[in-house]
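Readers should treat all values here as calculations from the given coordinates under stated rules, not as data from a laboratory. No experiment lies behind these values; they were computed from the predicted model shown. Positions of Cβ are generated from backbone atoms using ideal geometry, with glycine treated the same way; all protein chains shown enter the neighbour counts.
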Amino acid sequence: MKHLMKSSLALCALIASGGMAFAECGIEKGSVRILSNDFLALQLVAAAAEACASPTVTVTRNLTAEHKNIQIAALTTNPATYTVAVVANGSIVPLLNDDLIQPMDDLVAKYGQDLQPNQLIKIDGKVMAIAFMANTQHLMYRKSVLEAAGIAAPKTYEDMLAAAAVLKEKGVMPNALVANFKPGWDLAQEFVNMYLGYGGEFFEPGTANAAISGEAGVKALTMMKALADTMGPEYMTYETVMLGQSWGAGEAGMMNMWGSVAGAITDPAGAAPDVAADTVLAAAPTVGGGTTPATTLWWDGFALAKNISPEDAEASFRAMMKAIAPDMATTNPAAAAWLIKGYQPTPAAVGVFETVSAGARPYPMLPYMGLLHTALGDNLAEFMQGQETAEQALADVTAAYNTAATEAGFLK
Amino acid sequence: MPHRTFFLFMLPSLFVMLLFIAAPIVSVAYQSLFVEHDQVMTEVESCDPFSCTKEMRVDPTAMAALREAAPMGKFNGLATYTNARHLATAEIATLWQTAPTMGAFYDGLMNLPFYKALAFTLTYTAVVTPLVIILGFFIALAINAIPQIIKGPVIFFSLLPMIVTPLIGSLVLFWMIDSQGIIGATLQRIFNDPGLALKASPTLTWATLITYGVWHSAPFSFIVFYAGLQTVPKDTLESAMIDGATRWERVRYVIIPHLMPLVTFVALMQLMDHFRVFEPIVGFSAAANASSLSYLIYSDLRGAETPLFGSAAATSMLTILGVVILLMPVLIRTWRDFGRKAH
Amino acid sequence: MKNRAERQPMSLITLSAIFIAVWLFAAAFPFLWTAWGSLKVQADFFSRTDWLNAITGPATLAQTGSTFTGDGYQGAWVEQAFWKSVINTAVVTVSVVVISLTIGTLGGYALARSGFRYTFWILIAALVFRAMPHVTLVSGYLLPFFQLNIWGYLPTTIIVLVAINQPFTLWMLHSFFLSIPKDLDEAAMVDGCTRFQAFRLAVIPVMWPGVVTTGLFSFLLAYNDFTVTSMLLTQSNQTMVPKIASFLGTVHAENKVMYAVAAVVSAIAPLFVLVLFFQRQIVSGLTAGAVKG
């Protein structure tokens, strides 16, 4: 909890210092209206932007978990209800599809001197979003548990399966392996990870036709089922929050878990200090002899609404530059794996950066990826419970995707 | 009552309902006949913090022109209703011809999302509604007989399942039925089966959801019946006693007929609410084993980054149709009663 | 003196007492468990090792130095400013109840007193309106609300909740009015009242308990709503239930489940007072109605 406390304190300090920050941002006038998801790192960013408020500059923010569901309607109006939308790989897609955000190249050239080249999200050569933090699922394991059983640190899913079998046999831990297998978004995300690990491509090149039914798809599902077979009977309800608690209680020894929770899991002042000290963070495992880690990289960043005045666009961009300035990241290093200049990864962010340097692939920003993700989430549960074959499950996914993609106009 | 007075009295109520419910229903019904325009795609290079790749993108200018010409999208007729995510007519026809046995046909049918959802929705509605009515009736009978002084608190505690927000109610219950939780662990001990996990098997998940449904809705029927019991005429009860009716006969021939109109009301509301079951499926992470029409709608609107309005609209219209069919017997009865009253 | 019809044999009293006890246990136990657990830390209340930890609280002792902690309440009310949501909820629920009942009594009265066929069709239409899943309705509201620039404000949410609740209110009040003899308002009108005066001065006082009961159901709907309030309100106008939802963890957020638990327990307290206060009215109210299907 300690690092969170510190960040919360920083948050309070930022809010408190709001009044005197006018000179620092240098914005003459305009209106900055931020729509964002609601979690600590984004609260810090929004609070830092709010510090740019002055008699001539208004800064308002709406941080809500429903941001994804209201952003399209909110940015469609003219002028847009919000000037800044905080987005991720997935949620930027509908904004791009509906042409609701504007290129920021001019503003980057003018005010973006603190940005690093890899923060610029470019579509067709134009900067459409600025990323400021990264997240990915990566390996976490219990050092002492594995060492006691004479197992080396796992590098692949096959290693993990073997290690789980040994731990069970020796009676150390009956269900050492866990994963986010809750049907819906989580389960689909695990499939996406595994499928990329086997080198699969989701779509036939240049088309919106799903291409998951091949060998890589079956292999990915078979591996997921093999993992599930080592887990406790309730594996179909496992998700991040619950697994975090299970991990703290010492029930599990290995998982491919979101980097964003690594801070809480390895927190020496948290609920389970022994487990925290024993947890090692590493790059996501590979699978099937592949070299790419079986995971996807995610970024959070911001985009500028299209339907706003140039004055508001400039004010918003400059306020956001202030919000993601290097000193924000250095003041709150533990709040996220920042992509900001001068940020030194904390021990909790090591897993994320190792995974990035191991060459993991970003989550595809394709217009129809979300539809495939939903189809996967809805149709893999029967296979995972042994009620149908992998081929049948993939055929169901493809059928569901085809229906949805036809309706959305991507397939004829 | 003259027409003019009637409509003056009804005006505010009709106004809000027409504006916020009827108009959206009409627009949803209309929307369900359309799908998105064919997307115009171009290949572009996109870069993120990790790498650059060639990717397909929607061409926004071309799409804007299409939407300008036809804002509702591409006319699709009833095809959305008959596609694989809804009534799946083509799939069923194929299945009917190819399935070797009735069992295989049934399995194939249950693999179609709409019918899978319908199976749970109907089971849930059919089991929970009568149980809620019966349980509520007996609770009402029993609480009606307790001393006046403790009635207040007893009624409050009886209402708790209905008034604790399901968001947290199901979260806490979900934890309690975990195999590590108090209910899960106790059941394991009672049945002496350490492998027993309520969240794991489809049958047990259904049973859990149905139990939750009864628990959550019983207070509603209880409070309505309890109130109804207060109006049972004392002299009818007494004369029944004098005629030598047993306790059970008095309940059967005096109390139940008296409460019949309330039973209709509760059944009407409960059938409708249960047919739209949604919250427990999410709260209990039960999507692997149970799905409902409302869950399908939710998944269309919130599951993907781009909401599928046409598909959600079609499922919503089918839900309304389902409710109307379910309520048909009650509606016909009301119509007859009305015919007697009307002049 | 006790009525003969109410006297019961010992065996039946025992049986019914056991039944009540079992029901009360089933109904109240999860809440009492939550209320007790709200004074523990998360590792105890959601213990993976032994559910007994939620009662004894070893991790609470280890983390806070005592077996009880008010951290959840402190976090929710002070750190997360839960009181703002409480005020918003109070505004929303009171407005929804008042407006629903005002327009609902007028409409329900007219439906009960008019003998024309179209009243039947209005009632059926109301039922069909009620069948519409809320999530579809809300998704449809978004774009027009943003365009009219009325999205995010409490009045918008209030009027939407009133509309969504109107079919139920109409049905229930219509049934109540049916049970009140027509002679009452007709007599008043013979005495020179207009229809509205008869409604307000003669019928409503008799109907008061029925109005209170319907009001309680409206209250609960507005109080517990998540679908509408989470989608139509900005963060600063959030009501309690979406606020509580924001305490729950996601992939990104460190979760503050104990804040949510504490907030839920505190959210129940006013309802206890409310239910006790209205208990008599609820009962006599529904009595007056004898709601007819």
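If A:GLY232 passes every condition in (1) more than 13 Å from chain B (Cβ to nearest Cβ); (2) within 30 Å of B:LEU196 (Cβ to Cβ); (3) touching a strand residue (DSSP E or B) at 6+ places or on another chain (Cβ under 9 Å) but one, which one does it miss?
Here A:GLY232 meets the rest and fails (1).
If you scan segment C:190-214, which residues turn out to be among the β-branched types (Val, Ile, Thr) and within 11 Å of chain B (Cβ to nearest Cβ)?
Matches in segment C:190-214: C:THR194, C:THR213.
From C:VAL91, C:VAL138, C:VAL78, C:VAL96, which residue is over 30 Å from B:ALA312 (Cα atoms), more than 8 Å from every other protein chain (Cβ to nearest Cβ), aliphatic (A, V, I, L, M) and in contact (Cβ under 8 Å) with a residue 40 or more places away in the chain?
Working: C:VAL138 fails: over 30 Å from B:ALA312 (Cα atoms); C:VAL78 fails: in contact (Cβ under 8 Å) with a residue 40 or more places away in the chain; C:VAL96 fails: over 30 Å from B:ALA312 (Cα atoms).
Result: C:VAL91 is the single residue among C:VAL91, C:VAL138, C:VAL78, C:VAL96 that is over 30 Å from B:ALA312 (Cα atoms), more than 8 Å from every other protein chain (Cβ to nearest Cβ), aliphatic (A, V, I, L, M) and in contact (Cβ under 8 Å) with a residue 40 or more places away in the chain.
Of all residues being aliphatic (A, V, I, L, M) and surrounded by fewer than 23 Cβ atoms within 10 Å (Cβ to Cβ) in segment A:71-95, which is farthest from the chain's Cα centre (by Cα)? Just the residue, please.
At the first step, the residues of segment A:71-95 found to be aliphatic (A, V, I, L, M) are A:72-75, A:80, A:84-88, A:92-93, A:95.
Among the residues that remain, those that are also surrounded by fewer than 23 Cβ atoms within 10 Å (Cβ to Cβ) are: A:72-73, A:88, A:95.
Values: A:ILE72: 21, A:ALA73: 24, A:ALA88: 7, A:LEU95: 18 Å.
Among residues in segment A:71-95 that are aliphatic (A, V, I, L, M) and surrounded by fewer than 23 Cβ atoms within 10 Å (Cβ to Cβ), the one farthest from the chain's Cα centre (by Cα) is A:ALA73.
Quick one: is C:THR34 among the β-branched types (Val, Ile, Thr), more than 30 Å from B:ALA245 (Cβ to Cβ) and more than 14 Å from chain A (Cβ to nearest Cβ)?
yes
Is it fair to say B:TRP215 is touching a helix residue (DSSP H, G or I) at 6+ places or on another chain (Cβ under 8 Å) and either assigned to a helix (DSSP H, G or I) or farther than 23 Å from B:ILE133 by Cβ (or both)?
On the way: touching a helix residue (DSSP H, G or I) at 6+ places or on another chain (Cβ under 8 Å): yes; either assigned to a helix (DSSP H, G or I) or farther than 23 Å from B:ILE133 by Cβ (or both): yes.
The answer is yes for B:TRP215.
Out of all the residues in segment A:87-106, is one or more part of a loop (DSSP other than H, G, I, E, B), in contact with a helix residue (DSSP H, G or I) (Cβ under 6 Å, 6 or more places away or on another chain) and farther than 22 Å from A:HIS67 by Cα?
No, there is no match, as no residue in segment A:87-106 is part of a loop (DSSP other than H, G, I, E, B), in contact with a helix residue (DSSP H, G or I) (Cβ under 6 Å, 6 or more places away or on another chain) and farther than 22 Å from A:HIS67 by Cα.
Please go through segment A:273-308 and pick out each residue that is surrounded by 21 or more Cβ atoms within 10 Å (Cβ to Cβ) and small (Gly, Ala, Ser).
Selection gives A:ALA283, A:ALA284, A:ALA294, A:GLY301, A:ALA303, A:ALA305.
Out of the residues in segment C:179-189 meeting the condition of being within 30 Å of C:LEU127 (Cβ to Cβ) and buried (at least 19 other Cβ atoms within 10 Å of the Cβ), tell me which one is farthest from the other protein chains (Cβ to nearest Cβ).
C:ILE180
Assess whether B:LEU109 counts as being surrounded by fewer than 23 Cβ atoms within 10 Å (Cβ to Cβ), more than 9 Å from every other protein chain (Cβ to nearest Cβ) and closer than 18 Å to B:ALA207 by Cα.
Taking the combined requirement at face value, the residue does not satisfy it.
Please find, within segment B:66-116, the residue that is nearest to B:ALA314 (Cα to Cα) out of those that are touching a residue at least 12 places away in the same chain (Cβ under 8 Å) and of a type in the set (Phe, Trp, Tyr).
Residue satisfying both the conditions and the ranking: B:TYR81.
If you go through segment C:107-121, how many residues are assigned to a helix (DSSP H, G or I), without any contact (Cβ under 8 Å) to a residue 40 or more places away in the chain and within 7 Å of chain B (Cβ to nearest Cβ)?
The number of residues fulfilling the criteria is 3.
Consider segment B:177-187. How many of its residues are part of a helix (DSSP H, G or I) and more than 7 Å from chain C (Cβ to nearest Cβ)?
Total meeting the criteria: 4.
How do the helices (runs of 4 or more DSSP H) wholly within segment C:148-258 filter down when requiring 2 or more residues that are acidic (Asp, Glu) and over 27 Å from C:LEU271 (Cβ atoms): which remain?
In segment C:148-258, C:182-190 are the helices (runs of 4 or more DSSP H) which contain 2 or more residues that are acidic (Asp, Glu) and over 27 Å from C:LEU271 (Cβ atoms).
Could you list, in sequence order, the residues of segment B:164-183 that are aliphatic (A, V, I, L, M) and more than 18 Å from the chain's Cα centre (by Cα)?
B:VAL164, B:ILE168, B:LEU171, B:VAL172, B:LEU173, B:MET176, B:ILE177, B:ILE182, B:ILE183, listed by residue number.
Have a look at A:GLY270, A:GLY232 and point out the one that is surrounded by fewer than 24 Cβ atoms within 10 Å (Cβ to Cβ), farther than 30 Å from A:ALA41 by Cα and not polar (S, T, N, Q).
Sole residue among the options that is surrounded by fewer than 24 Cβ atoms within 10 Å (Cβ to Cβ), farther than 30 Å from A:ALA41 by Cα and not polar (S, T, N, Q): A:GLY232.
So which helices (runs of 4 or more DSSP H) are wholly in segment B:250-343 and hold at least 2 residues that are surrounded by fewer than 19 Cβ atoms within 10 Å (Cβ to Cβ) and more than 9 Å from every other protein chain (Cβ to nearest Cβ)?
Answer list for segment B:250-343: B:256-275, B:309-341.
On the given criteria, is A:VAL218 within 14 Å of chain C (Cβ to nearest Cβ), surrounded by fewer than 22 Cβ atoms within 10 Å (Cβ to Cβ) and among the β-branched types (Val, Ile, Thr)?
The answer is no for A:VAL218.
Using beta carbons and a limit of 6 Å, which pairs, at least six apart or on different chains, have the first residue in segment C:148-169 and within 11 Å of chain B (Cβ to nearest Cβ) and more than 14 Å from C:LEU101 (Cβ to Cβ) and the second one small (Gly, Ala, Ser) and assigned to a helix (DSSP H, G or I)?
Here the result reads C:PRO167/C:ALA126, each pair linking segment C:148-169 to a residue that is small (Gly, Ala, Ser) and assigned to a helix (DSSP H, G or I).
Filter segment A:374-412 down to the residues that are part of a helix (DSSP H, G or I) and of a type in the set (Phe, Trp, Tyr), then identify the one that is nearest to the chain's Cα centre (by Cα).
Going through the qualifying residues, I end up with A:TYR401.
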